[in-house]
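Below is one structure, written out as structure tokens; the observations come after it.
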Amino acid sequence: MYFKLIFTTVVLTLSLGCSTVGRFNPSETLAHDAINMKIDDLAGPGSQAIISTHMEINHQNKSLSVTLYQPIKTAFPTPAIVFLPGRMATVDQYESYARALASRGFIVAVHGWYSLLTTDIELAHQAHLIADWLVTTQGVDAKKIGVAGHSMGAKDAVLAASKYQEFNSVVAIDPDDNGNVSVVRGYVASLRVPLLLIGAEVAWQAANICAPKKNNYQRFFEQAPAGTIELTLRDADHVQMLDDPERFGYGICRSGTADTQQVRITTRRATVGFFIQHLMNGPPLATPEPSNAVLRIARANSIP
């Protein structure tokens, strides 16, 4: 089992570890998904034209790779989202999410590729640094910053929001509590901002490094404060919400039988809607179609 894990890690490193170099080429996932959508569907593009910039930022003596998505015509102060990818995943896997948010008025900073050596504490702190950089250099409203992530990035989005006060809402997409630091035990219960947990129902059926049941989104929900929303993606696996889950190397996490495009659309619609609700005073998150996902709300305690 140990050597199998080493082999898997090497495969993932080779297939997922190459970040975009040079000019950033946006994918067409968002436009493709929007075909036959209603014009106001939150899973599709918004009304604002956007630009994306791949850059290295230097803030508080720390250098970080970030891809920034923002409306061409930005109204200041602006709400913002810090997005943490899954471990070894590249920025372009979350392009449709960033573009859907930015085209509705958010500034979105997607953390660049990070290595296997990055710890949970480090990644959460880097989210904090990016948020502070957005406020000090990009005209972002310090009271309207959300944090989101997928897999390890989802776990550490919750960790960042529990440790740093600048985050006002969290979206965790199929979080996995694996690692030396547990967010389920302690951190998530102390969270004092709205949380949306989006979980892949059958991710646990794939390789053990892909959100097994003992560490998956359900464990987060069990300990989450009241008001937390859990959205279960029926028959979906750990990578089907990505822009390109068929990419070489992702097969070890494939176990879902759901329609991949619908999984991605449902996840993006919920993510955008949640942040519009909490950072733009928008309407409450809409209940998904019964055939696509199941929504429930934690009621043990109340979020202040």
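The table below gives the values:
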| quantity | calculated |
| --- | --- |
| In region 26-122, GluC sites (Glu not before Pro) in a DSSP loop with at most 12 other beta-carbon atoms within 10 Å | Glu28 |
| Taking the chain and dividing mean pair separation by its residue count, relative contact order in percent (alpha carbons under 8 Å, at least six apart) | 16 percent |
| Cβ-placed point charges (K, R +1; D, E -1), dipole of region 35-186 about Cα centre in debye, nearest 20 | 300 debye |
| Hull shadow area, averaged, the chain [alpha-carbon convex hull, nm²] | 14.5 nm² |
| Lys/Arg +1, Asp/Glu -1 at C-beta; region 27-297 dipole; positive extreme among Thr271, Val184, Trp113 | Val184 |
| Quarter of the Cα convex hull surface for region 138-197, i.e. its orientation-mean projected area (nm²) | 4.1 nm² |
| FRET efficiency for Ala49 and Val294, using Cβ-Cβ distance with R0 set to 41 Å, rounded to 0.05 | 0.70 |
| Residue pairs, from the table Lys163/Lys213; Lys62/Lys144; Lys143/Lys214; Lys38/Lys144; Lys73/Lys163, whose Cα atoms sit over 30 Å apart | Lys143/Lys214; Lys73/Lys163 |
| Given charges at beta-carbon only (K, R positive; D, E negative), |dipole| of region 27-297 in Debye | 540 debye |
| Net charge dipole size for region 118-181 [Lys, Arg +1 and Asp, Glu -1 on Cβ; Debye, nearest 20] | 240 debye |
| Spin-label model distance (nm) - Glu246 vs Asn180, 7 Å beyond Cα toward Cβ | 4.0 nm |
| Selection from Pro245, Leu84, Phe167, by position along the positive dipole direction of the chain (Cβ) | Phe167 |
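Coordinate-derived values only; no laboratory data. Computed from a predicted structure; not experimentally measured. Counting neighbours? That spans all protein chains shown, and the Cβs are built from the backbone with ideal geometry, glycine included.
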